[in-house]
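Each reported figure results from applying straightforward, stated rules to the coordinates on display, with no laboratory input. Every value quoted in this text rests on a predicted model; they were computed, and no experiment measured them. Cβ: placed from backbone, ideal geometry, glycine included. Neighbour counts: every protein chain shown.
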Amino acid sequence: MNTFTLRPARESESRQIRELIHLVGINPTGLDWRRFLVAVNDRDEMIGCGQLKPHGTDILELASLAVYPEHRGKGVARAIVERLLANSPRPLYLMCESSLGSFYEKFGFRALSYEEMPRYFQRIASLAGLLTSLAQRQQRLLVMKLQ
Ligand SMILES: CC(C)(COP(=O)(O)OP(=O)(O)OC[C@H]1O[C@@H](n2cnc3c(N)ncnc32)[C@H](O)[C@@H]1OP(=O)(O)O)[C@@H](O)C(=O)NCCC(=O)NCCS
């Protein structure tokens, strides 16, 4: 399977979206299927997803980007990001592990210093910094912004 298309998620895919997000181990909160864009294969089966998630009225986050392992490396995530950006107001924020920073920079996102982050992201960044140092992981959390 090398071809895929993008379309809005359906209510019947709500559970699968949750399962994919759990499988890949990213933020499992705020997974309302109505906001999701999905990538599907030629049998209309979901192979990846992403969403624009609002926090209050003034913060919008590119979130829940996930692709099943067997479908990675074929541009599915890039296509989802491009489509979400095409339909998104600015500014747009995201959180990612530092290894994905260069991927998002190609779309114009830039990493924010702690002082530049909205309070919502400062709180998460503080918690993530603590957990990361406790786990002594190599990755750190980036909060990025697209103007
Ligand atoms: C990250 C993820 C969505 C990428 O999906 P994908 O469909 O394989 O990505 P693409 O094929 O569109 O590749 C996009 C680019 O990201 C790079 N990339 C993919 N995964 C990466 C990783 N873990 N670390 C660094 N770079 C990565 C690819 O090399 C590619 O680079 P290129 O544009 O220079 O060719 C997928 O690996 C995934 O679901 N990971 C687990 C969940 C996750 O981390 N989500 C991101 C939350 S911010």
- Only Cα pairs under 8 Å and at least 6 apart count here; give the relative contact order of the chain as a rounded whole percent. 19
- Message: Output the 0 to 90 degree angle, nearest 10, between the alpha-carbon long axis of helix 119-135 and the longest principal axis computed from the alpha carbons of the chain.
- Response: 90
- Task: Distance from a point 7 Å along Cα→Cβ of D44 to each backbone N in the range 1-29: keep the residues under 20 Å and list them by number.
- Result: 1-18
- Quote to one decimal, in nm, the extra length available between T3 and R123 on full extension: 0.36 nm per residue of separation minus the C-alpha distance between them. 39.2 nm
- Task: Among P91, F107, L127, pick out the residue whose Cα is farthest towards the positive end of the charge dipole of the range 90-147, where Lys and Arg carry +1 and Asp and Glu carry -1 on C-beta, about the Cα centre.
- Result: P91
- Task: Using only Cα atoms, find the angle between the long axis of helix 76-86 and the longest principal axis of the chain, and express it within 0 to 90 degrees, rounded to the nearest 10.
- Result: 70
- Note on the structure: Sorted largest first, the Cα spans of the chain on the principal axes come out in Å as 46, 34, 27
- Which of these, I21, I80, I124, has the largest mean-square fluctuation under a Gaussian network model of the chain (Cα springs below 10 Å)? I124
- Query: Placing +1 at every Lys and Arg Cβ and -1 at every Asp and Glu Cβ, with all other atoms neutral, what dipole size does the range 36-129 have around its Cα centre, in debye to the nearest 20?
  - Reply: 100
- Query: For the range 41-94, treating each Cα as an identical point scatterer without solvent, what Debye log10 I(q)/I(0) comes out at q = 0.14, 0.15, 0.29, 0.30 1/Å?
  - Reply: -0.41, -0.46, -1.16, -1.21
- Item | Dipole magnitude of the range 90-147 about its Cα centre (Cβ charges: Lys, Arg +1; Asp, Glu -1), debye to nearest 20 | 100
